[in-house]
1. Is it the case that residue 46 is among the hydrophobic types (A, V, I, L, M, F, W, C) and in contact (Cβ under 8 Å) with a residue 60 or more places away in the chain?
2. Taking region 107-126, which residues are surrounded by fewer than 22 Cβ atoms within 10 Å (Cβ to Cβ) and either at pLDDT 95 or above or closer than 21 Å to residue 70 by Cβ (or both)?
3. On the basis of being loosely packed, with under 15 Cβ neighbours inside 10 Å and touching a Ser or Thr at 6+ places or on another chain (Cβ under 6 Å), does residue 100 make the cut?
4. Restricting to region 18-60, give me the number of residues that are of a type in the set (D, E, K, R), out of contact with any Ser or Thr (no Cβ under 7 Å at 6 or more places or on another chain) and farther than 20 Å from residue 120 by Cα.
5. Quick one: in region 61-93, which of the residues that are among the charged types (D, E, K, R), part of a loop (DSSP other than H, G, I, E, B) and surrounded by 14 or more Cβ atoms within 10 Å (Cβ to Cβ) is modelled with the lowest pLDDT?
6. Restricting attention to region 17-58, report how many residues are touching a Gly at 6+ places or on another chain (Cβ under 9 Å) and either open to solvent by less than 30 Å² (accessible area, probe 1.4 Å) or in a loop (DSSP other than H, G, I, E, B) (or both).
7. Residue under question is residue 74, and the condition is that it be β-branched (Val, Ile, Thr) and in contact with an Asp or Glu (Cβ under 7 Å, 6 or more places away or on another chain); does it hold?
Amino acid sequence: MEIPVIRNVLEANEKLSARLKEHFARHGILTLNLISSPGAGKTSLLERTLADLSPEFRMAVIETDNDAQRVAATGAQAVQINTEGGCHLDSNLVMEALGALDLSEIDILFIENVGNLVCPVEFDCGEDAKIALLSL
């Protein structure tokens, strides 16, 4: 028996993700989406990365936790998204966050996704690459 698939449930996200990719490319922004299990150290890694790379690159972070102040203390632009219990970021939430950032002042944009290794993998947010942080 063949069951027809009527519509891809991720279709709207994929269309918006493609627009985000084009938008980032036009601005020359490298966009990296950090994913990990809860408490693996995404924010700690970001703090160190932002401090080490700040002499060479202008960076910003879209943050999903209450760690935006930690990120902003490094001098990077930071914006926090409240996912209201959602298990991942999607392209729509990233698009909303961009309104709070000066894209002309960014070389690298980090998206610190929700601490969950299942849902964030499925949703493209216009990033150039996903970075999975594993804690052992």
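1. Considered against the rule, which asks whether it is among the hydrophobic types (A, V, I, L, M, F, W, C) and in contact (Cβ under 8 Å) with a residue 60 or more places away in the chain, residue 46 comes out as yes.
2. 107, 108, 114, 115, 116
3. Judged against the criteria, residue 100 is not a match.
4. In the first step, residues of region 18-60 are kept if they are of a type in the set (D, E, K, R); the result is 19, 21-22, 26, 42, 47-48, 52, 56, 58.
Restricting the remaining residues to those that are out of contact with any Ser or Thr (no Cβ under 7 Å at 6 or more places or on another chain) gives 19, 21-22, 26, 48, 52, 56, 58.
The next check asks that each one be farther than 20 Å from residue 120 by Cα; those that pass are 22, 26, 48, 52, 56, 58.
The total comes to 6.
5. To start, the set of residues in region 61-93 that are among the charged types (D, E, K, R) comprises 63, 65, 67, 70, 84, 90.
Keeping just the survivors that are part of a loop (DSSP other than H, G, I, E, B) gives 65, 67, 84, 90.
Adding the requirement that they be surrounded by 14 or more Cβ atoms within 10 Å (Cβ to Cβ) leaves 65, 67, 90.
On the way: 65: 76, 67: 86, 90: 90.
The extreme case among them is 65.
6. The total comes to 14.
7. Numbers: β-branched (Val, Ile, Thr): yes; in contact with an Asp or Glu (Cβ under 7 Å, 6 or more places away or on another chain): yes.
Spelling it out, residue 74 is indeed β-branched (Val, Ile, Thr) and in contact with an Asp or Glu (Cβ under 7 Å, 6 or more places away or on another chain).
The values are calculated or read from the model by the stated rules, or taken from the named source; none is laboratory data. As the structure is a computational prediction, the values presented were derived from the model and not from experiment. Ideal geometry is used to build each Cβ from the backbone, glycine not excepted, and the neighbour counts take in all protein chains shown. The protein model used for the area step is the full one, side chains on, heavy atoms only, and it has no ligands, DNA or RNA in it. Shrake-Rupley method; radii C 1.70, N 1.55, O 1.52, S 1.80 Å.
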